[in-house]
Amino acid sequence: MSLRKFITNKTTAALAVILTVFANTSVFAQDAAAGAAAATKVDMGEVYKSVIFYILVFLAICLFIAIVGKAIRVYELSREAQGKPVGINWNRVHASLFALFLVLGLYGVYWEYTVHGAMLLPDAASVHGKRIDEMFNLTLIITTIVFVVTHILLFGFSYIYRYSAKRKAYYYPHNNLIEKIWTILPALVLTVLVLMGFLTWRSIFFKVDDPKNMPIQIEVTSEQFKWSIRYPGADGVVGHKNYKLTTASNTLGIDFKDLKSRDDQMADEMVIPVGKPVKLILTSKDVIHSFYMPHFRVQLNTVPGMQTIFEFTPTITTAEMQQKTNDPNFKYLFYCAKICGSGHYNMQKVVRVVSMEEYKTWLAEQKTYLNDDLRKQFNLPVAPAPAQSGTDSAATDSAAVKTNQMALNK
């Protein structure tokens, strides 16, 4: 056989193709094995934690149901074309599904109350919080009873009075008594609930100050993404501020022409005495935030350019709540409940409820907002440096006290 015929022979060509494919496959297999050995092991467990995974599972279930539905429809059409009776009584199927979902729904209500009921709201730690909880619980009980009764009637009637060719539906167009019952009864219940809410709201926001037990003022300023807490000084009044005075050193825009602002103190956490009214003065520097203290049932927006006020009285100290919850690491917190940006999740501060003695001790350790830099900026006398150890001069102490008073009263 000549070389040309050997090359053009079909058998020879086929063998060449097979040999080439085998060689390439071997090379690819070796490369794949080497790559698999070198690659790091992927943790497939993370897949089940992604939202996309569950979306795909949901879509797959929907697709499966659609395919089954189409198959059943083809089955029904084929029986109809052959003149055979209907194979599936859909009225009975739907009625049975109503009954099944009624049982599952009632069990779901029971499960939610027993499992998630304790997770609904933490124990109220304020005077008004107990009243809010009473109103909330009453509303929840009434609406649960109405929900269960109406759904038993709805699903029960759908099952009992499903279509049947052996009976005819009774025509019942109107009944004045029934109309009056389901109009007047809900109106009375809603009136009671609205009045309870109105009276509770008035008791929280329209209080008469007791001269013997005046509230502690605390100003909380929100900004992306932190809180600033300002306490009044010895005068007990938080001083004025003006956004036009905001600078790199005067970040809150405090107006030091107001003498009451010169002794104000800053804090990294909110500390409040138990049994003492607290008056929160809420403001914002940039966008609307939502000041939220779940244990104290306090939630109010902080709005740029205006002040919002909320007054409450704590009833349980942090130490008592730690014993009550059997959690030594328990802390009261306040959060931002408004989605205000990428750092929203991190806007939280610790709240400590302590005795009055502990509160006074802690407050005495806090520094004033007015520092030497701000004194120079606003042309206020700079506070004198503390006297060195070993010097005991009455004249020096007297001069320091006098200068301090002049700085505060200027």
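Restricting to helices (runs of 4 or more DSSP H) lying wholly in the stretch 342-410: which have 1 or more residues that are among the acidic types (Asp, Glu), modelled with pLDDT of 50 or more and open to solvent by 50 Å² or more (accessible area, probe 1.4 Å)?
Here the list reads 356-364, 372-377.
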Margin query: Quick check on the stretch 227-244. Is at least one of its residues open to solvent by 40 Å² or more (accessible area, probe 1.4 Å) and part of a helix (DSSP H, G or I)?
Written below: yes
Next item on the list: Find all pairs meeting these conditions: Cβ atoms under 6 angstrom apart; at least six residues apart or on different chains; first residue within the stretch 113-138 and within 20 Å of residue 326 (Cβ to Cβ); second residue hydroxyl-bearing (Ser, Thr, Tyr) and surrounded by 16 or more Cβ atoms within 10 Å (Cβ to Cβ).
Entry: 125/315
Next item on the list: Report those helices (runs of 4 or more DSSP H) wholly inside the stretch 1-105 carrying at least 1 residues which are open to solvent by 90 Å² or more (accessible area, probe 1.4 Å) and modelled with pLDDT under 70.
Entry: 3-8, 10-38
Notebook entry, point to check: So which pairs qualify, if the first residue must be in the stretch 198-209 and at negative phi, the second must be in a helix (DSSP H, G or I) and open to solvent by less than 70 Å² (accessible area, probe 1.4 Å), the Cβ gap must be under 9 Å, and the two must be at least 6 apart or on different chains?
Noted result: 200/128; 200/132; 200/135; 203/128; 204/128; 204/132
Next item on the list: Just give me the residues in the stretch 246-284 being modelled with pLDDT of 90 or more, assigned to a loop (DSSP other than H, G, I, E, B), open to solvent by 30 Å² or more (accessible area, probe 1.4 Å) and not acidic (Asp, Glu), in sequence order.
Entry: 274, 275, 276
Next item on the list: Would you check if residue 291 is buried (at least 16 other Cβ atoms within 10 Å of the Cβ) and out of contact with any helix residue (DSSP H, G or I) (no Cβ under 9 Å at 6 or more places or on another chain)?
Entry: yes
Checklist line | Pick from the stretch 138-174, criterion at pLDDT 90 or above and among the polar types (S, T, N, Q), ranking: farthest from residue 90 (Cα to Cα) | finding: 139
Notebook entry, point to check: How many of the residues making up the stretch 198-212 are open to solvent by less than 80 Å² (accessible area, probe 1.4 Å) and part of a helix (DSSP H, G or I)?
Noted result: 4
Check: Taking residue 215, is it open to solvent by less than 50 Å² (accessible area, probe 1.4 Å) and farther than 20 Å from residue 333 by Cβ?
Finding: yes
Margin query: Cβ-Cβ distance below 7 Å, separation of 6 or more or different chains: which pairs start in the stretch 324-347 with a residue that is on the phi < 0 side of the Ramachandran plot and of a type in the set (A, V, I, L, M) and end on one that is open to solvent by 60 Å² or more (accessible area, probe 1.4 Å) and at pLDDT 85 or above?
Written below: 333/348; 337/292; 337/299; 347/225; 347/226; 347/335
Checklist line | Subset of the stretch 111-126 [among the aliphatic types (A, V, I, L, M) and either part of a loop (DSSP other than H, G, I, E, B) or open to solvent by 70 Å² or more (accessible area, probe 1.4 Å) (or both)] | finding: 118, 119, 120, 121, 124, 125
Checklist line | Filter result (under 28 Å from residue 295 (Cα atoms) and open to solvent by 80 Å² or more (accessible area, probe 1.4 Å)) within the stretch 138-157 | finding: 141, 145
Margin query: Which numbered condition in (1) touching a Gly at 6+ places or on another chain (Cβ under 8 Å); (2) assigned to a loop (DSSP other than H, G, I, E, B) is the only one that residue 316 fails?
Written below: (1)
Check: Does residue 186 satisfy the criteria of being free of Cβ contacts under 8 Å to residues at least 40 places away in the same chain, open to solvent by less than 100 Å² (accessible area, probe 1.4 Å), over 30 Å from residue 313 (Cα atoms) and part of a loop (DSSP other than H, G, I, E, B)?
Finding: no
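The values are calculated or read from the model by the stated rules, or taken from the named source; none is laboratory data. Fair warning: this is a prediction, and the values are worked out from it, not measured in the lab. Reconstructed Cβ throughout: ideal geometry from the backbone, glycine too, with neighbour counts over all protein chains shown. Each accessible area value is taken on the protein alone, full model and side chains, heavy atoms only, with ligands, DNA and RNA left out. Shrake-Rupley method; radii C 1.70, N 1.55, O 1.52, S 1.80 Å.
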